[in-house]
Amino acid sequence: MLKAAGYTNGVLVGSVTPGGPAEKAGIKAEDILVAIDGKPIKDGEELVSKVSEMPIDSKLKVTVDRAGKKLDLMVTVLDREEVFKDDPRFARRRNETPTPEKVEGTPAKFGIMIRPMSETEKDALKLGEGDQRGIYVTKVEEGSFAAEIGLQERDVIISVNRQPVATPEDLRKLQSTLKPGDAVAFRVMRPTPGRQQGAPGYVAFFAAGTLPEGN
């Protein structure tokens, strides 16, 4: 995942909880957390471990890479369960079967079928006023690269390798620059189970891997 952004260590931020400690500190989605109190962070597990060891209400200096620029931000530590409640790594596995989509999409070599999203669908993502990112996954081929990294039908792809994706053509242009052995990181919005009709909710995360030979 981080190789796509030029890193071997660190944590790529998938989403930031509104009103949470990360947002208050100024951390944004797609930032890369590279150090805490000046000490490099290897991965997400090390990040969780370090944060868990700190007393509640203590402050940490978090160094992030934002589009190639290093920033030092002060984060106030809260209860671990609250801080990481939206992190897919700590969510319980759900066994819901996605409802198949009948809309035909555009084939992509990642092993997915995609289609454009309507303005109403994009508004439901709540990415921010004027933010038009998002293409809809209508099918994931069994045994494909997309399936191996965990993409599912009804996922919404927001970016690839930190490059925004607003249309199927955007994805085609990005995939044309990739070759076997390249690292690929998708930022994805996934509908949350149990959402009410007309009021969908989404959880953001990264799905990443290395393109296999012969892809």
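Every listed requirement among (1) in contact with a Pro (Cβ under 7 Å, 6 or more places away or on another chain); (2) closer than 11 Å to Glu153 by Cβ; (3) at pLDDT below 80 is met by Glu96 save one, (2).
Kindly provide the set of residues from region 128-138 that are crowded, with 18+ Cβ neighbours inside 10 Å and either of a type in the set (Val, Ile, Thr) or over 18 Å from Arg115 (Cβ atoms) (or both), ordered by number. Give the steps one after another, and end with the answer.
To start, the set of residues in region 128-138 that are crowded, with 18+ Cβ neighbours inside 10 Å comprises 133-138.
Matches in region 128-138: Ile135, Val137, Thr138.
Can you name the residue in region 139-148 that is of a type in the set (D, E, K, R) and not in a helix (DSSP H, G or I) and, of all such residues, is surrounded by the most Cβ atoms within 10 Å (Cβ to Cβ)? Write out each step before concluding.
Taking region 139-148 and keeping what is of a type in the set (D, E, K, R), we get 139, 141-142, 148.
In the following step, the residues that additionally are not in a helix (DSSP H, G or I) were identified as 139, 141-142.
Numbers: Lys139: 20, Glu141: 14, Glu142: 7.
It comes out as Lys139.
Of (1) closer than 27 Å to Thr210 by Cβ; (2) surrounded by fewer than 17 Cβ atoms within 10 Å (Cβ to Cβ); (3) out of contact with any strand residue (DSSP E or B) (no Cβ under 9 Å at 6 or more places or on another chain), Glu23 satisfies all except one. Which? With (1) closer than 27 Å to Thr210 by Cβ; (2) surrounded by fewer than 17 Cβ atoms within 10 Å (Cβ to Cβ); (3) out of contact with any strand residue (DSSP E or B) (no Cβ under 9 Å at 6 or more places or on another chain) applied to Glu23, the lone miss is (1).
Is it the case, given these coordinates, that Thr192 is hydroxyl-bearing (Ser, Thr, Tyr), surrounded by fewer than 18 Cβ atoms within 10 Å (Cβ to Cβ) and without any contact (Cβ under 8 Å) to a residue 60 or more places away in the chain? Steps first, please.
Details: hydroxyl-bearing (Ser, Thr, Tyr): yes; surrounded by fewer than 18 Cβ atoms within 10 Å (Cβ to Cβ): yes; without any contact (Cβ under 8 Å) to a residue 60 or more places away in the chain: yes.
Judged against the criteria, Thr192 is a match.
When residues in region 153-178 are screened for being in contact with a Ser or Thr (Cβ under 9 Å, 6 or more places away or on another chain) and closer than 15 Å to Val140 by Cβ, 3 of them pass. Of everything in region 125-137 that is at pLDDT below 80 and farther than 23 Å from Arg172 by Cα, the residue that is nearest to the chain's Cα centre (by Cα) is Gly128.
Residues are listed down the side, and each one gets a yes or a no for (1) of a type in the set (Ser, Thr, Tyr); (2) within 21 Å of Phe205 (Cβ to Cβ); (3) assigned to a strand (DSSP E or B):
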residue	(1), (2), (3)
Ile114	no, yes, yes
Ala124	no, yes, no
Val137	no, yes, yes
Asp170	no, yes, no
Lys173	no, no, no
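The values are calculated or read from the model by the stated rules, or taken from the named source; none is laboratory data. This is a predicted model, so every value here is computed, not measured. Note that each Cβ is placed from the backbone with ideal geometry, even for glycine, and that neighbours are counted across all protein chains shown.
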